[in-house]
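Down below is the structure, laid out as structure tokens.
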Amino acid sequence: MPQTLNAAVRRLGAVAIACATWLAVPAFASEPMWFVQGRPVPEARQAVDALAAVTADGLDPRDYDAEALRQAVTQAAQGPALPPDAAARLDAALTAAMERMLSDLHGGRINPRAVHANFAPPAERPFDAATWLRDAVAQHRLPDAIRQAAPTFPLYGTLRQALARYRDIARQPVWQQPLPPLPASKLTPGQPWAGAAALTARLVALGDLPAGTQPPARYEGALVDGVKAFQSRHGLQADGVIGAATLAQLNLPIADRVRQIELTMERLRWTPLDGPRMIVVNVPEFMLRAYEIRDGKLDIKLEMKVIVGKALDTRTPLFEEDMRYIEFSPYWNIPPSIARRETVPRLRRDPGYFSRQGLEFVGGDGKAVTTLSEENLDAVLNGSLRIRQRPGPLNALGDIKFVFPNNENIYLHHTPSPQLFKRDRRDFSHGCIRVEAPVALAQFVLHDMPDWNEARIREAMARGKSNTVRLQQPLPVVLAYGTVIARADGRVSFQPDIYGHDKLLDKALRQRTGRPQPRAIASASGAIH
């Protein structure tokens, strides 16, 4: 072997051993994909460039030995041609890295069930990364194939843009120092404050104030409007008053927001959102959207506020199931856990609650018992009777219930307490989801049953007699968890991590790589609460 070739191979080996483990990959007998006569083909350069660029999708190039492979391919292109064995090993290593990257980009890096999301794990979502990759290289369309492997749901693309923007924002000097303390417990419009200039600069950088906005002498005018815009994007009451919660959000490092976007993009890789008609509840946003996807375009038909499970002890679970029927004027079958923990003790303290709330006992034969007695209460505790609430104005489910059968006994329903929708934070339920606009939702659900117009829906809701209507076509319902929403106009909203799921996902991803967890995501979670 010529001396120069020996030197090149030694350099190549040194790079790989120092930066990766690709030399340990066995050489395959099949024709190399990335090399011809020991030289990398153009797709090899595209591949290593793609591995280095995965940060744009919130992935980490180190997971794919991107730098080592880039150096190895560069040296193979510039130095002597690689001998067949070395070329085969490098080819196999680059192939393995690309397949792993495509798989991660398409379906995520962890089993969602490990982070309290009961969606199908990667093994149950077929994606043949090997075939996808070989076809792309053979057809000379590798960059397009990589883009097409990513989630197609429109939110993913807007989050990708937001990720790039917030990384640029993080490099601006306005976050090098925290804002000064408030003059009192809160700052209200008209007060002087030493932080007005720094706050103006931050809000301009974030897009909550127009470029060129000059800081006022006092906290007033456009600056207050900018704070209101910031508050509305961060799950805060948009009153323009800077209290402890708003100041904490204003002082949060932008690196924490970058990580929050990355985690939301990871969730989108395994949350089933691809229609064509769906209902999606985004739990931390306290919002429901009903939409259709046609020709790749998202058409949101309906948006409304919702109330979800309490963060402390009755969290709404995350899963997908098909809605199959609607119950008008429903009974509320009180879950045994709620009956034991709340209803029976309440009835023993206040027997009149039984008749005021329209309650009754039901046996295994389905017959209703309307007599309140200690014997019947004991029967509830031992499981031989259950308690239900009759249809009526006080029924906890309101006058309509949307059912998608599931093991968690979760459903959508109306509520006799609509005033709670005025709250900014709306985790008040036992786990089920209360909807703000049930008639509009019923119209969307019954879209292909034209006899069920608005008047008939309202009449069925007001009748006071239980009636079940089965859907002609099942309608997917997804209970999702995304703490970042990015819109096509560039506006980005960040929601509190009310259940701590982002913190859990961040930990799972870092444990997968063995890298230490930085303070960023922990502080973001703490500051939001």
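The values are calculated or read from the model by the stated rules, or taken from the named source; none is laboratory data. Worth saying up front: this structure is predicted, and the values here are computed from it rather than measured. All Cβ positions, even for glycine, are placed from backbone atoms using ideal geometry, and neighbour counts span all protein chains on display.
Against the definition (over 16 Å from the mean Cα position of the chain (by Cα) and in a helix (DSSP H, G or I)), how does LEU263 come out, yes or no?
Answer is no for this residue.
Quick one: in the range 149-206, which of the residues that are free of Cβ contacts under 8 Å to residues at least 40 places away in the same chain and either touching a strand residue (DSSP E or B) at 6+ places or on another chain (Cβ under 6 Å) or of a type in the set (D, E, K, R) (or both) is nearest to ASP135 (Cα to Cα)?
The selected residue is ASP168.
When GLU436 is evaluated against the numbered criteria (1) surrounded by fewer than 18 Cβ atoms within 10 Å (Cβ to Cβ); (2) touching a Lys or Arg at 6+ places or on another chain (Cβ under 7 Å); (3) farther than 18 Å from PRO335 by Cβ, which criterion, by number, is the only one it fails?
The number of the failed condition is (1).
Consider PRO335 against the criteria (1) surrounded by fewer than 19 Cβ atoms within 10 Å (Cβ to Cβ); (2) over 30 Å from the mean Cα position of the chain (by Cα): it satisfies all of them except one. Which criterion is unmet?
For PRO335, the failing item is (2).
Condition first: within 24 Å of MET461 (Cβ to Cβ), out of contact with any helix residue (DSSP H, G or I) (no Cβ under 8 Å at 6 or more places or on another chain) and modelled with pLDDT of 95 or more. Can you find one or more residues in the range 346-368 that meet it?
No: the range 346-368 contains no residue that is within 24 Å of MET461 (Cβ to Cβ), out of contact with any helix residue (DSSP H, G or I) (no Cβ under 8 Å at 6 or more places or on another chain) and modelled with pLDDT of 95 or more.
Go through (1) crowded, with 22+ Cβ neighbours inside 10 Å; (2) in contact with a helix residue (DSSP H, G or I) (Cβ under 7 Å, 6 or more places away or on another chain); (3) not basic (Lys, Arg) and name the single condition LEU441 misses.
Going through (1) crowded, with 22+ Cβ neighbours inside 10 Å; (2) in contact with a helix residue (DSSP H, G or I) (Cβ under 7 Å, 6 or more places away or on another chain); (3) not basic (Lys, Arg) one by one, LEU441 breaks only (2).
Which count do you get for residues in the range 107-155 that are of a type in the set (Asp, Glu) and farther than 25 Å from ALA47 by Cβ?
Step one: filter the range 107-155 for residues of a type in the set (Asp, Glu), giving 124, 128, 135, 144.
Okay, now just the ones that are also farther than 25 Å from ALA47 by Cβ, so 124.
Residues in the range 107-155 being of a type in the set (Asp, Glu) and farther than 25 Å from ALA47 by Cβ: 1 in total.
Yes or no, residue by residue, for (1) surrounded by 14 or more Cβ atoms within 10 Å (Cβ to Cβ); (2) at pLDDT 95 or above; (3) over 24 Å from THR271 (Cα atoms); (4) over 23 Å from the mean Cα position of the chain (by Cα):
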residue: ALA145; (1), (2), (3), (4): yes, yes, no, yes
residue: PHE153; (1), (2), (3), (4): yes, no, no, no
residue: LEU159; (1), (2), (3), (4): yes, yes, no, no
residue: PRO173; (1), (2), (3), (4): no, no, yes, yes
residue: GLN176; (1), (2), (3), (4): no, no, yes, yes
residue: SER185; (1), (2), (3), (4): no, no, yes, yes
residue: ALA194; (1), (2), (3), (4): no, no, yes, yes
residue: ALA198; (1), (2), (3), (4): yes, yes, yes, yes
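Among the numbered conditions (1) over 42 Å from the mean Cα position of the chain (by Cα); (2) surrounded by fewer than 18 Cβ atoms within 10 Å (Cβ to Cβ); (3) among the polar types (S, T, N, Q), tell me where ASN376 comes up short.
Among (1) over 42 Å from the mean Cα position of the chain (by Cα); (2) surrounded by fewer than 18 Cβ atoms within 10 Å (Cβ to Cβ); (3) among the polar types (S, T, N, Q), the lone unmet condition for ASN376 is (2).
In the range 476-511, how many are in contact with a strand residue (DSSP E or B) (Cβ under 7 Å, 6 or more places away or on another chain), assigned to a loop (DSSP other than H, G, I, E, B) and among the hydrophobic types (A, V, I, L, M, F, W, C)?
To start, the set of residues in the range 476-511 that are in contact with a strand residue (DSSP E or B) (Cβ under 7 Å, 6 or more places away or on another chain) comprises 476-486, 492-494, 498.
If we keep only those that are assigned to a loop (DSSP other than H, G, I, E, B) too, we end up with 481-483, 498.
Filter once more, so that each one left must be among the hydrophobic types (A, V, I, L, M, F, W, C): 498.
Residues flagged as in contact with a strand residue (DSSP E or B) (Cβ under 7 Å, 6 or more places away or on another chain), assigned to a loop (DSSP other than H, G, I, E, B) and among the hydrophobic types (A, V, I, L, M, F, W, C) within the range 476-511 amount to 1.
For VAL227, which of the numbered conditions (1) surrounded by 14 or more Cβ atoms within 10 Å (Cβ to Cβ); (2) modelled with pLDDT of 95 or more; (3) not in a helix (DSSP H, G or I) fails to hold?
Only one criterion in (1) surrounded by 14 or more Cβ atoms within 10 Å (Cβ to Cβ); (2) modelled with pLDDT of 95 or more; (3) not in a helix (DSSP H, G or I) is unmet by VAL227, namely (3).
Do any residues in the range 425-446 that are farther than 23 Å from SER232 by Cβ have Cβ atoms under 7 Å from those of residues that are among the hydroxyl-bearing types (Ser, Thr, Tyr) and crowded, with 19+ Cβ neighbours inside 10 Å, where the two are at least six apart or on different chains, and which pairs are they?
GLY431/THR316; CYS432/TYR411
When the range 117-128 is examined, which residues are found to be at pLDDT below 90 and touching a Ser or Thr at 6+ places or on another chain (Cβ under 8 Å)?
Correct list: PRO122 only.
Quick test for you: out of ARG294, ARG257, pick the one residue that is over 30 Å from ALA396 (Cα atoms), basic (Lys, Arg), at pLDDT 95 or above and out of contact with any Asp or Glu (no Cβ under 9 Å at 6 or more places or on another chain). Quick ask: steps written out before the conclusion?
Numbers: ARG294 fails: at pLDDT 95 or above.
Residue meeting the stated conditions: ARG257.
Could you list all residues from the range 437-459 that are over 20 Å from LYS305 (Cβ atoms), within 33 Å of the chain's Cα centre (by Cα) and among the polar types (S, T, N, Q)?
If the condition is that a residue be over 20 Å from LYS305 (Cβ atoms), within 33 Å of the chain's Cα centre (by Cα) and among the polar types (S, T, N, Q), then no residue fits.
Working only within the range 126-153, note down all residues that are hydroxyl-bearing (Ser, Thr, Tyr) and farther than 30 Å from TYR291 by Cα.
Within the range 126-153, the first condition is being hydroxyl-bearing (Ser, Thr, Tyr), and the residues that meet it are 131, 152.
Answer for the range 126-153, where residues must be hydroxyl-bearing (Ser, Thr, Tyr) and farther than 30 Å from TYR291 by Cα: just THR131.
Considering every residue within the range 165-173, establish whether at least one is assigned to a helix (DSSP H, G or I), closer than 27 Å to GLU292 by Cα and among the hydroxyl-bearing types (Ser, Thr, Tyr). Even if it seems obvious, please write down each step before you answer.
Residues of the range 165-173 that are assigned to a helix (DSSP H, G or I), as a first pass: 165-170, 173.
Now narrow it down to the ones that are closer than 27 Å to GLU292 by Cα: none.
No, because not a single residue in the range 165-173 is assigned to a helix (DSSP H, G or I), closer than 27 Å to GLU292 by Cα and among the hydroxyl-bearing types (Ser, Thr, Tyr).
Every residue, every condition in (1) modelled with pLDDT of 95 or more; (2) surrounded by 19 or more Cβ atoms within 10 Å (Cβ to Cβ), yes or no:
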{"site": "ALA217", "(1), (2)": "no, no"}
{"site": "LEU236", "(1), (2)": "no, yes"}
{"site": "VAL241", "(1), (2)": "yes, no"}
{"site": "LEU250", "(1), (2)": "yes, yes"}
{"site": "PRO276", "(1), (2)": "no, no"}
{"site": "LEU288", "(1), (2)": "yes, yes"}
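Residue under question is LEU420, and the condition is that it be in contact with a helix residue (DSSP H, G or I) (Cβ under 8 Å, 6 or more places away or on another chain), outside any loop (DSSP other than H, G, I, E, B) and either within 23 Å of GLU342 (Cβ to Cβ) or assigned by TED's automatic domain parsing to the domain that holds PRO336 (or both); does it hold? Please lay out each step first, then the result.
Values: in contact with a helix residue (DSSP H, G or I) (Cβ under 8 Å, 6 or more places away or on another chain): no; outside any loop (DSSP other than H, G, I, E, B): yes; either within 23 Å of GLU342 (Cβ to Cβ) or assigned by TED's automatic domain parsing to the domain that holds PRO336 (or both): yes.
So LEU420 does not fit the description; no.
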